[in-house]
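K.L.:
I'd like to ask some things about the structure below.
The values are calculated or read from the model by the stated rules, or taken from the named source; none is laboratory data. Quantities reported herein were computed from a predicted structural model and do not represent experimental measurements. Don't worry about glycine lacking a Cβ; one is built from the backbone with ideal geometry, like all the others, and counts go over all protein chains shown.
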Amino acid sequence: MFRKIFESKEIKALRAQVESMPDDPAAHFNLGAAYEKVGRVKDAVREFEETLQHNPKSAEAHYNLALLYEKLNEGEKAILNILKAGNLFSSKNDQVNKVESRGLLRQYYRKFNVKPEDFPQPDLTE
């Protein structure tokens, strides 16, 4: 028997917003954040990936994806996204989030047993 998952009013409203504005990166980002807040990691990943389809330079979406991929134990994706986030924060002169991203990058290198020189550097011009 199929049972529908209970959704909060916030998620229902944000899903409706995404449905009415499917090309709006902010709508996808906000829905991703709401999913993340309630522990729906895969749904959050989907929405943050969709955010990047419409706004590939969203440092915040890359940052959130890195955290989610780390939770899913997907090291390469976590590292790639935190690298992109750090560089995008740097280009926006957001030193606080750049430093935080760099700290997470070091943690991910250790956690996933990857050396920086062994990891392919992302194309940051995308």
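K.L.:
With the requirement that a residue be within 25 Å of Lys84 (Cβ to Cβ) and either at pLDDT below 95 or touching a Lys or Arg at 6+ places or on another chain (Cβ under 8 Å) (or both), what does region 1-34 give you?
P.N.:
Leu31, Gly32 - these are the residues of region 1-34 that are within 25 Å of Lys84 (Cβ to Cβ) and either at pLDDT below 95 or touching a Lys or Arg at 6+ places or on another chain (Cβ under 8 Å) (or both).
K.L.:
Taking Ser101 and the conditions (1) at pLDDT below 95; (2) surrounded by 15 or more Cβ atoms within 10 Å (Cβ to Cβ), which numbered condition does it fall short on, given that it satisfies the others?
P.N.:
So Ser101 meets the others, but not (1).
K.L.:
Could you list all residues from region 27-54 that are closer than 21 Å to Lys98 by Cα and touching a His at 6+ places or on another chain (Cβ under 9 Å)?
P.N.:
If the condition is that a residue be closer than 21 Å to Lys98 by Cα and touching a His at 6+ places or on another chain (Cβ under 9 Å), then Phe48, Glu49, Thr51, Leu52 are the ones that fit.
K.L.:
A follow-up question, please. Find the residue count for region 70-98, including only residues that are surrounded by fewer than 22 Cβ atoms within 10 Å (Cβ to Cβ) and small (Gly, Ala, Ser).
P.N.:
The total comes to 3.
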